[in-house]
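Every number here is computed from the coordinates shown, using simple stated rules; none is lab data. This is a predicted model, so every value here is computed, not measured. For neighbour counting, all protein chains shown are included, and Cβ atoms are generated from backbone atoms with ideal geometry for every residue, glycine included.
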Amino acid sequence: MNDLDRRREMILEKISDLHALSRKGLWGLALFVAISTLAAYFRNFNLMAAVSPEVRDFLGKPPSSEMISIALVVYSFSALILILARMSADKENYRGWAHLGYLSGFYLFYFVSHALQENFWAVFAAGLTILGLEYYNVWSYSVDAIKKEKQLLSQVGKKSPPSIS
Amino acid sequence: MRKSLTAKAIVPVALTVTGFATVCSLLLFSYTKNHLIKDEIMRELCMASTVVKATRHAMLQDDRETLHYMIKNIGENKGVERIRIFNKKGLIMFSSHQEEISNIIDKSAPGCVECHAQEDPLTALGPMDQARRFKDLSGKHLIAVTTPIYNEPSCFTAACHAHTEDQQVLGILDIAVSEEHLQGALKTLFRQLIGFWVMVVILSVGGLAVLLQRNVLLPIKQLIGFNFAISQGNLEQSPPEGVDEVELLGRSFQNMALKLHQKSKEVEELRNKLDELEKHGTGPKDSDSSANPD
């Protein structure tokens, strides 16, 4: 009896963990939208005009927007390939937090190069795609895993002896 | 199950292809737009340089009337919104808009602030820094370039002007051109990119859906029907053909069903034999009273 109860508890805990895992993807997307909103608010702000010429000389020339765009294409392509590979291997770990960092970096690079106005939507589309695919990966894994756990739970329920009246 | 298979196969690919195609299209548009704008600015700088050279002789001769008509005629060209020359002090000496003449431009105005931001004004700027894009009061998009008119030996040795040798810049030519044809080109490019994007997404996602339907979902549907028929006792039906794996699976199911049917028949026969033996009293139940009933 005790073993069955313990097993039941473990399964319920596992189901709860899987629900939390599937929600991670949504948090990642929400955080990305918040960062994008901030970037959109400042996209017309000219950082170089706000700093002194000495600071500008110290910082040096910003990277060209073409180089940043090439980097964005290469990054998006490799990120999507890696996510698809993890999906085919049925891996459940969520890597969206790293992508949040990289995408924020791209917003920063374009901002410093004074090219965020023209390229904001490209970064936004890349972020939605990558984080959306990450979310779909953990969500579909969680859905299947929860289904299996619920089947186990119902089997454990059947094994329980009837209560003594 | 088919919906789940379809969703699992198509959703990730559709999301990936659509997203990546969108990112590339947006970056390509941005890249092409920047290049078109740079080309437009270079073209305008070339035009400004031509105007400075063309008006040089009139300036040396102090022929203000000729200079006035040159500026007026250039300003009447299609696409040229405004052309003006102002001196070092910012006073507009010549303009295609008569009402501007003798006005003073503020040093902090766009087009002037790039050089006059510091105490010692700059005497040279990079090509892209000489240009600015803005909307005029009527809402028209314009690109304006400012070109300095540099002091030369023939200028400070001429009899007309009181220029000293140490003056580097004598005046500024400012020319503003309409962005209308550039905006038109950008709109056409945008529409073409959208069309291309739509075709790529439809072809890739649609193609995948069609191939999946034909090579996976339809054979599975046929396999499901075949298995249902077998479970109802119809063992003579042949398995679905077309996809090797599905046909193999169908044959395995059929063989399994045939063996099961055969075993069931054998068990039934044995049961019948046992019943008969029990009926005639020669079975294990009647072993004690095996004596002749008579």
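Taking 7 Å steps out from each Cα toward its Cβ at residue B:129 and residue B:57 produces label points 3.4 nm apart. Projecting label points 7 angstrom from Cα along Cα→Cβ for residue B:88 and residue A:7 puts them 9.7 nm apart.
Taking amide H atoms as placed 1.01 Å from N in the peptide plane, list the residues 5 or more away in sequence, or in a different chain, whose amide H sits under 5 Å from that of residue B:237. Hits under the 5 Å cutoff: none. A straight Cα-to-Cα reach below 23 Å connects residue B:263 with the lysines B:273, residues fewer than 8 places away in its own chain not being considered.
Couplings 3J(HN,Hα) of the stretch A:97-104, computed from phi: 5, 5, 5, 4, x, 4, 5, 4 Hz, in residue order, whole Hz [Karplus 6.51 cos²θ - 1.76 cosθ + 1.60, θ = phi - 60°; x for Gly and Pro].
Calculated mean residue ellipticity, 222 nm, chain A: -29000 deg cm²/dmol, from DSSP H runs (n ≥ 4) at -39500 (n - 2.57) each, averaged per residue and rounded to 500. Partner aspartates and glutamates whose Cα lies under 16 Å from the Cα of residue B:78, excluding those fewer than 8 positions away in the same chain, are identified as B:40, B:44, B:179, B:180.
The string of couplings for the stretch B:70-80 from the Karplus curve (6.51, -1.76, 1.60, θ = phi - 60°) is 4, 4, 4, 5, 5, x, 7, 4, 5, x, 8 Hz, one whole number per residue in order, with x for Gly and Pro. Using a Förster distance of 30 Å, how high is the FRET efficiency between residue B:200 and residue A:98, based on the Cβ-Cβ distance and rounded to 0.05? With R0 = 30 Å, the Cβ-Cβ based efficiency is 0.60. One Cα centroid belongs to the stretch A:22-69, the other to the stretch A:73-89; the line between them spans 24 Å.
Going down the list B:33/B:187; A:14/A:147; A:14/A:150; B:140/B:187; B:38/B:88, which pairs span over 18 Å between their C-alpha atoms? Pairs exceeding the cut-off: B:38/B:88. The distance between label points at residue B:272 and residue A:148 comes to 4.7 nm (points 7 Å beyond Cα on the Cα→Cβ vector).
How big, in percent, is the set of alpha carbon pairs in the protein assembly as shown lying more than 32 Å apart? Here the tail beyond 32 Å accounts for 65 percent of pairs.
With 0.36 nm allotted per residue and the present C-alpha distance subtracted, the residue B:140-residue B:38 stretch has 34.8 nm of extension available.
Let me check against my output: what whole-number percent is the relative contact order of the stretch B:1-109, with C-alpha pairs under 8 Å and at least 6 apart? It comes to 12 percent, rounded to a whole number. Per residue of B:217-223, other chain Cβ atoms within 10 Å of the residue Cβ number 0 on average. Ignoring aspartates and glutamates fewer than eight residues from residue A:24 along the same chain, the ones with Cα atoms less than 16 angstrom from its Cα are A:92, A:134. Of the GluC sites (Glu not before Pro) found in the stretch B:30-108, those that fall in a DSSP loop while having at most 12 other beta-carbon atoms within 10 Å are B:76.
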